[in-house]
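Here's the structure we're looking at; comments come further down.
The values are calculated or read from the model by the stated rules, or taken from the named source; none is laboratory data. Keep in mind that this is a model prediction, so the values were computed, not measured. Don't worry about glycine lacking a Cβ; one is built from the backbone with ideal geometry, like all the others, and counts go over all protein chains shown. To get the accessible areas, we keep the full protein, side chains included, count just its heavy atoms, and leave off ligands, DNA and RNA. Shrake-Rupley method; radii C 1.70, N 1.55, O 1.52, S 1.80 Å.
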Amino acid sequence: MQSTFCNLLLSWYKKNARELPWRKENPSPYEVLLSETMLQQTRVEAVKEYYHKFLLAYPTLEALSKAKEDDLFHLWQGLGYYRRAENLLKTAKILQNCKDFPVSKEELLKLPGIGEYTSSAIRAIAFHEKDIAIDGNFYRIYSRLNASSLPFLKAKKVMKDYFMEKLGDVDPSTFNQACMDLGELVCLPNGKPLCENCPLSSFCFAHQKGEETSYPQKEEGKEKRTEHLYVYLLQKDGKYYLRKRDKKGLLSSLYEFPNFTSPLTLSNVTYLGKSHHTFTHLYWEMDWYAGETLKELPSYSLYSKEEILNVLAIPSAFRFGINKIKKEK
Ligand code: SF4
């Protein structure tokens, strides 16, 4: 029999479920993998457009397995965290040799880029297996319902047990998505949650104490390291110097303009302005310069405006330069 908790949650979900491009009755595991991968680190609104574009270009896992890395990165441009696209491609290639998309946690976790959260989401949403895809939404709801001060990592196991017990015999796909929506629409991350609209308010200890915003407790964040870079739009014969970054590390395999931690001694360059970019643990402050050069830049190659705008995968950290090139006649 369905618990009161589930009755309340699911009837709220029936009326309030978000309409999302990846929401459908029976999404394929590939569609769940794709949407959940894109949603990591990226806002829902931004993902909507990319999800459509991506599925048009690579409608199936098989189509994705044949993708060229550069094309894939170009399509991903603007979403950031390119390692996700790289891992999707690796996973598609591996699965091409398998008969079926794996269902077991053990097999899913062996695939590149598929961790605890994504494996649970695929199992629950695509395969209707009993599982809970614990993310920030579940954590926030759990912490408030139980007035729990446990930090995320310590709470993981107990949260999972808690929601598994609540799940009972309900369809895991519906249950997971209902909790995700409750977290996004009602039990809000920033500011005061909308408890007056919450189907679970009668179960909520934080609400009973009037302390909703005290949970979950904030964890001390690590201070970001700042790196100062001098970036150059250097032209030769009407083309620009760029190069592909290393296969490993930050922004791996993406294209970059020449950039250095100290300024080059070039006489004929103009200062363009400043930009900055924030990574998870790093902050880039960038000073931009433009000019012509007669020098060869070893390890860099020359690319046309057309290639820069439409072919190369250049991370958004370098958007300032791309915008300048766009405006040039
Ligand atoms: S009652 Fe308020 S704090 Fe508690 S779960 Fe609902 S929205 Fe979140």
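Can you tell me how the range 97-165 classifies by the Cα gyration tensor, rounded, prolate or oblate, using a/c under 1.5 as the rounded cut? It comes out prolate by the Cα gyration axes.
Sparse packing (at most 11 other Cβ atoms within 10 Å of the Cβ) combined with a DSSP loop state is found for the following GluC sites (Glu not before Pro) in the range 209-263: E219, E220, E223.
Quick one: grab the alpha carbon gyration tensor of the range 213-329, order the square roots of its eigenvalues as a ≥ b ≥ c, and give me rounded if a/c is under 1.5, else prolate or oblate depending on whether a/b is larger than b/c. Please list the in-between numbers first.
Details: a/c = 2.20, a/b = 1.95, b/c = 1.13.
Note, shape of the range 213-329 comes out prolate.
Partners of K68 within straight-line reach, counting lysines whose Cα lies under 19 Å from its Cα and excluding those fewer than 8 residues away in the same chain: K53, K90, K93, K244, K247, K248. Rolling a 1.4 angstrom probe over the protein heavy atoms with all chains in place gives the chain an accessible area of 53 Å² per residue.
Taking a temperature of 20 °C and a viscosity of 1.002 mPa s, what whole-number D in µm²/s does Stokes-Einstein yield for the chain with Rh from Kirkwood over alpha carbon pairs? Don't skip to the answer; put the middle values down first.
Numbers: Rh = 22.5 Å.
Taking Rh from Cα pairs, D becomes 95 µm²/s.
In straight-distance terms, cross-link reach from K105 covers every one of the aspartates and glutamates whose alpha-carbon lies under 13 Å from its own, apart from those fewer than eight places away in the same chain; here that gives E116, E129, D131.
Restricting the calculation to Cα atoms, the range 32-189 yields a radius of gyration followed by a Dmax of 16.4, 49 Å.
Do the sum for the chain: with -39,500 (n - 2.57) for every DSSP H run of n ≥ 4, divided by all residues, what is the mean residue ellipticity at 222 nm, to the nearest 500 deg cm²/dmol?
On the way: 14 runs with 135 residues, N = 329.
For the chain, the value works out to -12000 deg cm²/dmol.
Treating cross-link reach as a plain straight distance, find the lysines whose alpha-carbon is under 21 Å from the alpha-carbon of K48, omitting any fewer than eight places away in the same chain. In chain and number order, the partners are K24. Taking the 1.4 Å solvent-accessible surface of the range 225-327 as the whole, the part contributed by carbon and sulfur is 52%. Working ranking of peptides 41-52, 22-33 by packing, defined as the average number of other Cβ atoms within 10 Å per residue, highest first, is 22-33, 41-52. With all protein chains in place and a 1.4 Å probe, the accessible surface of the range 4-214 carries 53 percent carbon and sulfur. Pairs exceeding a 21 Å alpha-carbon distance, out of K110/K154; K236/K327; K14/K154: K110/K154; K14/K154. Each part gets one Cα centre, and for the range 260-329 versus the range 67-113 those centres are 29 Å apart.
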